1. Picking from Arg176, Arg205, Arg123, which is most flexible by a Gaussian network model of the chain using Cα springs under 10 Å?
2. Find me the longest stretch of the chain that has none of the exposed chymotrypsin sites (Phe, Trp or Tyr not before Pro), where exposed means in a DSSP loop (not H, G, I, E or B) with at most 11 other Cβ atoms within 10 Å.
3. Select from the chain the helices, each a whole stretch of DSSP H, whose alpha-carbon atoms run 20 Å or more along the helix axis and whose Kyte-Doolittle mean is at least -0.5; answer none if there are none.
4. From zero up to wherever the largest Cα-Cα distance of region 39-117 sits, split into 5 Å bins and tell me the percent of pairs in each.
5. Rounded to the nearest Å, what's the spacing between the alpha carbon centres of region 49-67 and region 69-121? Just the number, please.
6. May I ask for the net charge around Gly125, where only other residues with Cβ less than 15 Å from the Cβ of Gly125 are counted and Lys, Arg are +1 while Asp, Glu are -1?
7. Got a sec? How would Thr23, Thr206, Thr114 order by Cβ neighbour count within 10 Å, fewest to most?
8. Name the residue, out of Leu160, Leu201, Leu110, whose mean-square fluctuation peaks in a Gaussian network model built on the chain with Cα pairs under 10 Å.
Amino acid sequence: MSPSSSLSDVGAAVDRVVRARRTRKVLDGPWLTPPGGPETPEARAAFDRAVREALGVAGWAPFHFARTEEVPEPWRFALLDREAMDAFVARFPEVLVGKLPRIFAGAGALVQATWVPEDDPARAGRDWEHAAAAAAAVQNLLLACEARGIGSYWCSAAPLGTPEVLSWCGAAPGERWLGALFLGRPLPAEREAVEGIPGKLRDRRTPPEAGWLRVVGGGRDTAER
């Protein structure tokens, strides 16, 4: 029996979500219905609830050191709904460069992800752990959204992460930007084929044996290494 065939239904579902998640730069608004489904107030409310649920799931990422007594997690998320996104663009029209006008137009929500570095230089060695934990929380968010039928795009366009932009989004001084996460209903397949902007590296993924996995051990004498 292969390892994959021994998975529980839950394990198989997790694997499917991980593999199904992909970059969707152009989305179809704040509606939690199948692509092309009705755009109703109920569908909008369902979308908003699902995004909040996904953010709650994101918070189960591992982290090592507490950042503050009140909020020990090192990540911080700022959630902008569709109306807040419109206000954001009105305040910072200079961010609408390149592909970003299309990306903003289709998204139903925007999450600004940051992490909190150490205040004491003597503990700066912990910062890589804070950043890694925050990135794990972002991946949790992307997977939780995928499981709920919400498309996502983790964007690193520099204009979205300036100190002025982050301050407007409520970030405390010193928080470091990890990216902007655009969320929304996926485009219908026929529109995706025409309007979509796919992630450029998805089709270049390689299996572990290609070189990104090193198996240490496996019966070899350590003297050989």
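1. Its mean-square fluctuation being the largest, the pick is Arg205.
2. Numbers: sites that count: Trp60, Trp212.
With a cap of 11 other Cβ atoms within 10 Å, the longest stretch comes to 61-211.
3. Working: long enough: 41-58 (26 Å, -0.01); 127-147 (30 Å, 0.60).
Both cut-offs are met by 41-58, 127-147.
4. 3, 12, 18, 20, 15, 15, 11, 5, 1
5. So the two Cα centres are separated by 16 Å.
6. Working: positive: Arg67, Arg123, Arg126; negative: Glu118, Asp119, Asp120, Asp127, Glu129.
Local net charge: -2.
7. Details: Thr23 18, Thr206 9, Thr114 23.
Ranking Thr23, Thr206, Thr114 by Cβ neighbours within 10 Å, fewest first, gives Thr206, Thr23, Thr114.
8. Evaluated over the chain, the most mobile residue of the options is Leu201.
Every read-out reported here was derived from the displayed coordinates using simple, explicitly stated rules and does not represent laboratory data. What you see is a predicted model; the values in this text were computed from it and never measured. Heads up, the Cβs are rebuilt from the backbone with ideal geometry, glycines too, and the neighbour counts pull from every protein chain shown.
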